[in-house]
Every structure is written in C-alpha cells, then in structure tokens.
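Following: one structure in structure tokens, then a few remarks.
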Amino acid sequence: MKNILAPSILAADFKELGQAIKTIEENGAEYLHYDVMDGIFVPSISFGMPVLASIRSCTKQVMDVHLMITEPIRYIKEFKEAGADLITIHLEACEDVAATIKAIREAGLKVGLSIKPATEAEAIRPYLDQIDMILVMSVEPGFGGQKFIPESLDKIRALRAMVEEAGVDVDIEVDGGVNAANVRDVLDAGANVIVAGSAVFKNDAAANTREFLKIFDEYSAK
C-alpha cells in the first residue's frame, strides 16, 4: 500500500499559486487536493471549475477533487472537462449516492466517497465495491486550519478493517488537521493518502513536502 501526499491548495497563497504547485510537485507530492465548497453543504465558498481548468496545465499531479457541495451529480461532466482525475463526493450530500458514483465512473474518473466526523464508518460499507477511495474528514468540513479530531483514528481503523475484510483495493484518505507531528498515528490507523494544507503551504512548502515524504519513507521501511 503506497503512501501518498495530497497537499490542499485551500491553504496556498493564491498570488503565487502556480509557483506553489510547481514547488510541491518538484519536491515529490503526487496528488493535488482541490477543495470545492458551495456555501450550502458547508458554510464556506471556495472555487470551482475555472480555477481547476487554469491550473491543470501547470502540473502533472493527480487532480484529487473533493466536492463539498450539495448534489454533486450536477457537475461531474464539468469537473471532468476542467481536469479532474478523481472526484470525491460526500455521502451526506447526495440524494442517490449510487447514481452519483455511477456518473463519476461513467465519466472515466476514479471515485472517492467521503464521510463527515459524525457519520459512522458503517455507512460506507454498501459502496465498498463501487469506489476507489474513502475520504475520512478528521475535522468538520468547510474551513482550513482546524485541529485533528482524535476519534478519527478509530474510524480509520474500522474502515481499514472493512476494506481488508471485503478484499477490495480502496485507498483511505484523511483530510483535516494532519501534520508532521501526528501523521504517523494516521498511517498506523490504516490511512495511506494524506491531505495536508497549512502543514504544507505555510512557511516553506518545499521543506514541508520533503518532511512528509521522509516520514512516509521511514514508515514504509519499518
């Protein structure tokens, strides 16, 4: 199971966004986490298709698009055309989760399914054979810079056990409050895709990216 860093541009300085993306890519970050917020499903509003389309040409990273929006099925085609490689939807935001997953798959994209802190791990079980990734929100979605919710570790463990029991090839991604000080605990619990915003982009993004990847290497070597 490969460990992957997915820096979230929500925490980047948008005056220097292109350079920031180039920096993390050159220092080894394979994914770019793209948080879309609609002000309805979550309180904040972020950015949509135009920004994604504008940055797609400046990086070869996997575009990990996290739709924190109500009824994301409405926009699958548009996000594909803008450059998404993987679209993650929220179980809580869809009237028909299976139909939304099917729409993403039919668009030729990988599928992620996310749950908020209050949603039990068991809610994911019916969809395990339909998705490529589970995204565990370890903070309340909608704002960057929050502290990691420790109880998220139990949910990650439960989901990793569920994935292994089902015998499916599904990544577990964690988003919210993960930093160099606690990422080992998150990996120990069973996650393998790590979203980090402030912990990467604040101060020295190059050094921060390398620090995460060094931890991943040390963890894999154990």
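The values are calculated or read from the model by the stated rules, or taken from the named source; none is laboratory data. Every value quoted in this text rests on a predicted model; they were computed, and no experiment measured them. Because the Cβ atoms are built from the backbone with ideal geometry, glycine has one as well, and the counts that use them run over all protein chains shown. In case anyone asks, the SASA skips ligands and DNA or RNA and just uses the protein heavy atoms, side chains included. Shrake-Rupley method; radii C 1.70, N 1.55, O 1.52, S 1.80 Å.
Candidates in region 18-44 are the residues that are within 23 Å of Asn203 (Cα to Cα) and of a type in the set (Asp, Glu); of these, the one that is surrounded by the most Cβ atoms within 10 Å (Cβ to Cβ) is Asp35.
One line per residue, one yes/no per condition, for (1) of a type in the set (Lys, Arg); (2) over 20 Å from Pro141 (Cα atoms); (3) touching a residue at least 40 places away in the same chain (Cβ under 8 Å); (4) not in a helix (DSSP H, G or I):
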| residue | (1), (2), (3), (4) |
| --- | --- |
| Arg160 | yes, yes, no, no |
| Gly177 | no, no, no, yes |
| Arg184 | yes, yes, no, no |
| Val200 | no, no, yes, no |
| Leu213 | no, yes, yes, no |
| Lys222 | yes, yes, no, yes |
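Checked against the criteria, Arg105 does not count as within 26 Å of Ile149 (Cβ to Cβ) and basic (Lys, Arg). Considering only region 45-54, I want to know if a residue exists there that is of a type in the set (Gly, Ala, Ser), closer than 25 Å to Glu211 by Cβ and surrounded by fewer than 21 Cβ atoms within 10 Å (Cβ to Cβ). No, region 45-54 contains no residue that is of a type in the set (Gly, Ala, Ser), closer than 25 Å to Glu211 by Cβ and surrounded by fewer than 21 Cβ atoms within 10 Å (Cβ to Cβ). Answer yes if at least one residue in region 60-68 is assigned to a loop (DSSP other than H, G, I, E, B), open to solvent by less than 10 Å² (accessible area, probe 1.4 Å) and not aromatic (Phe, Trp, Tyr), and no otherwise. Scanning region 60-68 turns up at least one residue that is assigned to a loop (DSSP other than H, G, I, E, B), open to solvent by less than 10 Å² (accessible area, probe 1.4 Å) and not aromatic (Phe, Trp, Tyr). Put simply, of Gly108, Gly83, Gly112 the only residue that is more than 22 Å from Asp169 (Cβ to Cβ) and either at pLDDT 95 or above or touching a Gly at 6+ places or on another chain (Cβ under 7 Å) (or both) is Gly83.
The test for being in contact (Cβ under 8 Å) with a residue 12 or more places away in the chain, among the charged types (D, E, K, R) and either open to solvent by 30 Å² or more (accessible area, probe 1.4 Å) or farther than 28 Å from Ala123 by Cβ (or both) holds for Glu151.
Considering region 1-17, and only residues there that are touching a residue at least 12 places away in the same chain (Cβ under 8 Å) and open to solvent by 40 Å² or more (accessible area, probe 1.4 Å), the residue that is farthest from the chain's Cα centre (by Cα) turns out to be Asp13.
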